[in-house]
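Q: Quick one: this structure, given as structure tokens, is what I'll be asking you about.
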Amino acid sequence: MLLAVALLALNTFFWIAPGGFALSRAIIDQYFGSRMIRAEVVVQTSSGTADYLIDRGTIKTIAPGSVVLKEKTGEMVTIQLAPTATVTGAGGRSAPVSVLRRGMRITVFRLANAPADSIQVEGVGP
């Protein structure tokens, strides 16, 4: 996980630097592409640092205010959902959390100690 955070920070530096220094898209896809299971990303903002958690998996259970994901490792993770959480699907359309169904493959974004506020639907199945 530290490697992923270090690479993200390094890539951000090179992204701001001249184009010839940037990490290749293949490296970014390797760590944050379809093979990613979960990530923690720490970014510097004008008001301090922000710690984001990203989880990816298949929905096993949906309850009011939470969802249980089964990750590729087989680990089951319960994620709290914010009342204002939005679901984004194909084509970038936003929808309420009520559209989520068991078996959907999703990626969930949240601040480290906060409920998830953004959910990206990737498809159905493992």
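The values are calculated or read from the model by the stated rules, or taken from the named source; none is laboratory data. Note that this is a predicted model, so its numbers are computed, not measured. Here Cβ is always computed from backbone atoms with ideal geometry, including for glycine, and neighbour counts include all displayed protein chains.
Q: Kindly indicate whether any position in the stretch 91-99 is closer than 16 Å to R38 by Cβ and of a type in the set (A, V, I, L, M, F, W, C).
A: no
Q: Could I ask something else about it? Based on this model, can you work out whether V43 counts as more than 17 Å from P115 (Cα to Cα) and part of a strand (DSSP E or B)?
A: yes
Q: Restricting the first residue to the stretch 46-75 and requiring it to be on the phi < 0 side of the Ramachandran plot and in a loop (DSSP other than H, G, I, E, B), which pairs with a second residue that is among the basic types (K, R) and surrounded by 12 or more Cβ atoms within 10 Å (Cβ to Cβ) meet a Cβ separation below 9 Å and a spacing of at least six or different chains?
A: Filtered contacts from the stretch 46-75: E71/R38; E71/R56; K72/R56; T73/R38; E75/R38.
Q: Between a first residue in the stretch 84-99 that is assigned by TED's automatic domain parsing to the domain that holds T61 and in contact (Cβ under 8 Å) with a residue 24 or more places away in the chain and a second residue that is surrounded by fewer than 13 Cβ atoms within 10 Å (Cβ to Cβ) and part of a strand (DSSP E or B), which pairs have beta carbons less than 6 Å apart while being 6 or more apart in sequence or on different chains?
A: Within 6 Å, the pairs are T86/S94; T88/S94.
Q: Just one of (1) over 20 Å from N113 (Cβ atoms); (2) at pLDDT 85 or above; (3) over 13 Å from the mean Cα position of the chain (by Cα) trips up I16, so point out which.
A: For I16, the exception is condition (2).
Q: Here's a follow-up. Which ones in the stretch 45-63 are within 18 Å of V121 (Cα to Cα) and not hydroxyl-bearing (S, T, Y)?
A: L53, I54, D55, R56, G57, I59, K60, I62, A63
Q: Take the residues in the stretch 80-109 that are among the basic types (K, R) and modelled with pLDDT of 90 or more; name whichever of them is surrounded by the fewest Cβ atoms within 10 Å (Cβ to Cβ).
A: Among residues in the stretch 80-109 that are among the basic types (K, R) and modelled with pLDDT of 90 or more, the one surrounded by the fewest Cβ atoms within 10 Å (Cβ to Cβ) is R101.
Q: Have a look at T58, T45 and point out the one that is hydroxyl-bearing (S, T, Y) and surrounded by 15 or more Cβ atoms within 10 Å (Cβ to Cβ).
A: After applying the criteria, what remains is T58.
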